[in-house]
Amino acid sequence: MVDTQISNRDIREPNVIQVMKIIPRDRFVLEKHRALAFSDQALPIGENQTISQPYVVAFMTQALKLKPSDKVLEVGTGSGYQTAVLASIAKSVYTIEVIQPLLDRAWSVLSSLNFSNIHIKCSDGRLGWKEHAPFDKIIVTAASEDIPPSLLDQLADNGKMIIPIGQQHWSQDLVLISRQGKRIIKEKLLPVRFVPLVKETPKKHKKR
């Protein structure tokens, strides 16, 4: 997967390549899709959500320029695969998922892989995780029609945020946001297609 889909393209960061070789993507997909676990495609994980294709995971991770000292906020835990990639490089990852069954399944896999630097919460990811802000890096793994103000407020000075911007079923852009004091710099990186960012916790799912 890494040799044909990642290293042969524009992923050059050694730490990203190494982590992508180590994290077992097949552990994060549904059993019925495991034969496709190492293919370069998004796969359904239930609840109308998907696990992103490996290249996109690597691309987003590389764009953040993660450091071992970084505290990262992830909005959209999903399968937990991107979480595992982040936590293998950064000091700590605070991950939010709005759908409790997905969060439970992801946490089961992450725990089995012995991660100790991941913190989870079932909540509206658009609100971020204020009590642990500011974050050096923020990654949003679902498409938003705009940049949530709460997330921007929680981005540290000299921090970076990557987020898909655009409407569902329409073109979306992967946008890299950099904060330099009061100055906010936005850069379009890649056309993408993500599931929409859920704005509210469904009533049938309890917060954890």
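Quick look at the values:
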| read-out | value |
| --- | --- |
| Asn15/Ser111 FRET efficiency (R0 30 Å; Cβ-Cβ; nearest 0.05) | 0.80 |
| Rounded to 5, the percent of DSSP beta bridges in the chain classed as antiparallel | 50 percent |
| Descending semi-axes in whole angstrom, ellipsoid equivalent of the chain, from the Cα gyration tensor | 23, 20, 17 |
| Point-to-point label distance, Asn8-Phe38, nm (Cα→Cβ direction, 7 Å offset) | 1.4 nm |
| Computed P(r) (all Cα pairs; the stretch 1-106; 5 Å bins; percent) | 2, 13, 25, 24, 20, 12, 4, 0 |
| Ordering of 126-137, 179-190 by packing [mean C-beta count within 10 Å, highest first] | 126-137, 179-190 |
| Sequence ranges 191-198, 84-91, ranked by mean other-Cβ count within 10 angstrom, highest first | 84-91, 191-198 |
| 15 Å beta-carbon shell around Lys67, net charge (K/R +1, D/E -1) | +1 |
| Cα→Cβ-extended label distance, 7 Å offset, between Glu187 and His132, nm | 2.7 nm |
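Only the coordinates and a few stated rules stand behind these numbers; no lab work does. Note that the structure is a prediction, hence the values are computed from the model and not measured. Positions of Cβ are backbone-derived with ideal geometry, glycine not excepted, and every protein chain shown enters the neighbour counts.
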